[in-house]
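Throughout, read-outs are computed from the coordinates displayed, never taken from laboratory work. Just so you know, these numbers come straight off a predicted model, no measurement behind them. Backbone-built Cβ (ideal geometry, glycine too); neighbour counts: all protein chains shown.
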Amino acid sequence: MKTAERLHEYMVANKVEIYSPEVGNRFVQMEQSSSEVGPTVLKTDRRAIEVLHMILAGEPIVIKKQTSVKHYPGEIGDAAEKFLKYRESELRYTQGSINRYANVLSPFSIYCNMQGITLQNIDYGGIVGYMGSSQNTDSRTASVLRIFFKYLYDKELLQKDYSLEIVDIKPRRREKIPSFYSKEEILKIENSIERTYPLGKRDFAMVRLASRLGLRASDIAGLEFTNIDWERDVIKLEQKKTGKVIELPLLAEVGNALIDYIQNGRPQDGQKRIFLSQSCPHHPMKSGAISYTVSKYISKAGIDVNGRRHGAHCLRHSLAYAMLESGSKLDTISSALGHSSVNSTMCYLGIDISGLMECSLPVPAVAPSFYNQGGGLLYD
């Protein structure tokens, strides 16, 4: 889906008929707060909105500065340049792919030249030394270097195939502590929704599916009437992200909100999807619009979001936090959220501060004589 289509869906969902720079800025802010929007899409949309604003203001479109010239010093640099030319001329790689390789091989060549590393004395330690820095611990760097060293070995420029050893260099991903809201804050968010009107009935049902059942925005958007078994009081669906089929209890507070929307708020339309836009033509809600809706009500409730994300996914995190706080086990939370394994649920342990405090050990006191002693390395 292109930027224009995403922007149009956002405007329809928020009943905006005339575009303005303020609308574009709010659209970008919505995408920034949504965990459903990837970095590539966000970068593309941000640039498109920027260009659109230049056009509206009658300003010339500013072309972004060209990529800086890459340097390939030393013997490793010469080999890297030959490798790139081989990829471009013989393998017909696109310029974009060549640039991605160059972004890794240029700094690697500079590093090797500064360290005095050549094709004759390079070893595993030198490679690890480069990849050990924080800016190089990513899968892209490892992938490019593996291919580069395989090329050097195949061309008999190296006696050993180091690409086989780079496979074992897997940077550990730094886990982020999920953003969450307390039970009191969740109630404030829900109570800020005006349910007198059809739009409020729809939004209330969507919010409750996220806060009480932990459904992702993508699954709420894709929810169909066939997913609800009213006789058994369950919701059964295939998660869009994982493809895993989950069955959740249709809680009374969720079921009542759905019934109120379907009977008193939903447009009379024969579509399979439950949640539709209120304005004509009625079309199924998208995950981005749902995340923006949640963000809107968090702001309306007057909740401080400093340091916290404020999209629909935060309500899912909040449910996990509430279950942890009530003493639920990890496998129970994993099952409720539809995780493929308990490992995916482990990140929520970081928000259970009270539980972590119970696991902490007392730190023994340090005798005053330690600070008063003389001699030793620390006192030289």
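Taking the square root of 5 times each eigenvalue of the Cα gyration tensor, what semi-axes in Å does the equivalent ellipsoid of the stretch 194-335 have, largest first?
Each semi-axis is √(5λ); the values are 23, 20, 14 Å.
Suppose R0 equals 25 Å; then what is the FRET efficiency for Asn103 and Lys82 from their Cβ-Cβ distance, rounded to the nearest 0.05?
Given R0 = 25 Å and the Cβ-Cβ separation, E is 0.90.
Greater than 28 Å separation of Cα atoms is the criterion. Which listed pairs, Lys15/Lys236; Lys15/Lys300; Lys43/Lys286, meet it?
Lys15/Lys236, as the Cα separations exceed 28 Å there.
For Ser279, what charge total do you get from the other residues with a beta carbon under 11 Å from its beta carbon, if Lys and Arg give +1 and Asp and Glu give -1?
Combined, the nearby Lys, Arg, Asp and Glu give 0.
In square nanometres and to one decimal, what's the mean projected area of the convex hull around the Cα atoms of the stretch 74-166?
Taking a quarter of the hull surface, the average projection is 5.5 nm².
Please quote Rg/Rh for the stretch 3-56 to two decimal places, taking the Kirkwood radius as Rh and restricting both calculations to Cα atoms.
0.93
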